[in-house]
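A quick write-up on the structure given underneath.
The values are calculated or read from the model by the stated rules, or taken from the named source; none is laboratory data. Just so it is clear, the model here is predicted, and its values are computed rather than measured. Here the Cβ positions follow ideal geometry from the backbone for every residue, glycine too, while neighbour counts run over all protein chains shown.
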Amino acid sequence: MEGKRVSESRTYMTDLVLPPDTNLHGTIFGGRVMAYVDKIASITAMRHCRKAVVTASSDSLDFLAPIKVGEAIQLEAFVTWTHHTSMEIFCRIQSENLMTGEKRLTATSYLTFVALDEDGKPAIVPPILPEVDEEWWHYNTAAERRETRLKRRKDRAAAEISYAH
């Protein structure tokens, strides 16, 4: 299967943070950010494999700074690595003060998606072809993140079995 460049599926999304999107502190709800992240990552994964996808894992969502009411939330997502039927997606979340133009990194996230065929079974995905330094960094560090995910899944399954007895 022919590989695809990261740029072919890179996705951007911008929205205005309004009062109903915010908590008592006037900052965006974390759950709202999570929904945006899952949505943009889904679009990115589908663009890469041109198939239906499901979220298999949300490895991390690290909140670094708040996004305030009246600011724009800007998300960027791209495929960092592929395995046989899965894709790792990185998402960068920024805020923009629309009055000053100041932008600030507010969160980052890694997610894993599995491509599905017409029968809902896992489907093979094209390999990813990194081109620039940032893409290569994510690509070169992805195998370690995958091992951590697999270990976490195995450990949780073993814990569930022991709790059941």
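On the stretch given as segment 81-92, residues that are part of a strand (DSSP E or B), farther than 21 Å from residue 62 by Cα and not small (Gly, Ala, Ser) total 1.
Any residue that is closer than 30 Å to residue 121 by Cβ, touching a Cys at 6+ places or on another chain (Cβ under 7 Å) and surrounded by 15 or more Cβ atoms within 10 Å (Cβ to Cβ) - is there at least one of those in segment 44-65? For segment 44-65, residues closer than 30 Å to residue 121 by Cβ, touching a Cys at 6+ places or on another chain (Cβ under 7 Å) and surrounded by 15 or more Cβ atoms within 10 Å (Cβ to Cβ): absent.
Looking at segment 108-155 only, could you name the residues that are of a type in the set (D, E, K, R), surrounded by 11 or more Cβ atoms within 10 Å (Cβ to Cβ) and assigned to a helix (DSSP H, G or I)? Within segment 108-155, 134, 135, 145, 146, 149, 152, 153 meet the criteria. Does segment 34-41 contain any residue that is in a helix (DSSP H, G or I), in contact with a helix residue (DSSP H, G or I) (Cβ under 9 Å, 6 or more places away or on another chain) and crowded, with 16+ Cβ neighbours inside 10 Å? Looking for residues that are in a helix (DSSP H, G or I), in contact with a helix residue (DSSP H, G or I) (Cβ under 9 Å, 6 or more places away or on another chain) and crowded, with 16+ Cβ neighbours inside 10 Å, one finds none in segment 34-41, hence no.
Of all the criteria given as (1) out of contact with any helix residue (DSSP H, G or I) (no Cβ under 6 Å at 6 or more places or on another chain); (2) surrounded by 14 or more Cβ atoms within 10 Å (Cβ to Cβ); (3) aliphatic (A, V, I, L, M), the one not satisfied by residue 105 is (2). Residues in segment 7-25 include none that are surrounded by 18 or more Cβ atoms within 10 Å (Cβ to Cβ), within 30 Å of residue 122 (Cα to Cα) and either in contact with a Gly (Cβ under 8 Å, 6 or more places away or on another chain) or among the hydrophobic types (A, V, I, L, M, F, W, C) (or both). Within the set 58, 95, the sole residue that is assigned to a strand (DSSP E or B) and over 30 Å from residue 2 (Cβ atoms) turns out to be 95. At pLDDT 95 or above, of a type in the set (Val, Ile, Thr) and in contact with a His (Cβ under 7 Å, 6 or more places away or on another chain) - does that describe any residue in segment 27-47? Within segment 27-47 (the criterion being at pLDDT 95 or above, of a type in the set (Val, Ile, Thr) and in contact with a His (Cβ under 7 Å, 6 or more places away or on another chain)), the answer is no, since none of the residues qualifies. Among residues of segment 39-52 that are more than 16 Å from residue 1 (Cα to Cα), those with a beta-carbon under 8 Å from a residue that is assigned to a helix (DSSP H, G or I) at least six positions away or on a different chain give the pairs 52/46. Among the residues of this structure, residue 112 does not count as one that is over 23 Å from residue 17 (Cβ atoms), of a type in the set (Val, Ile, Thr) and out of contact with any Ser or Thr (no Cβ under 6 Å at 6 or more places or on another chain). Against the criterion of being modelled with pLDDT of 95 or more and either over 29 Å from residue 142 (Cα atoms) or surrounded by 15 or more Cβ atoms within 10 Å (Cβ to Cβ) (or both), residue 77 qualifies. The one condition from (1) among the hydrophobic types (A, V, I, L, M, F, W, C); (2) in contact with a Leu (Cβ under 9 Å, 6 or more places away or on another chain); (3) under 18 Å from residue 60 (Cβ atoms) that residue 113 does not meet is (2).
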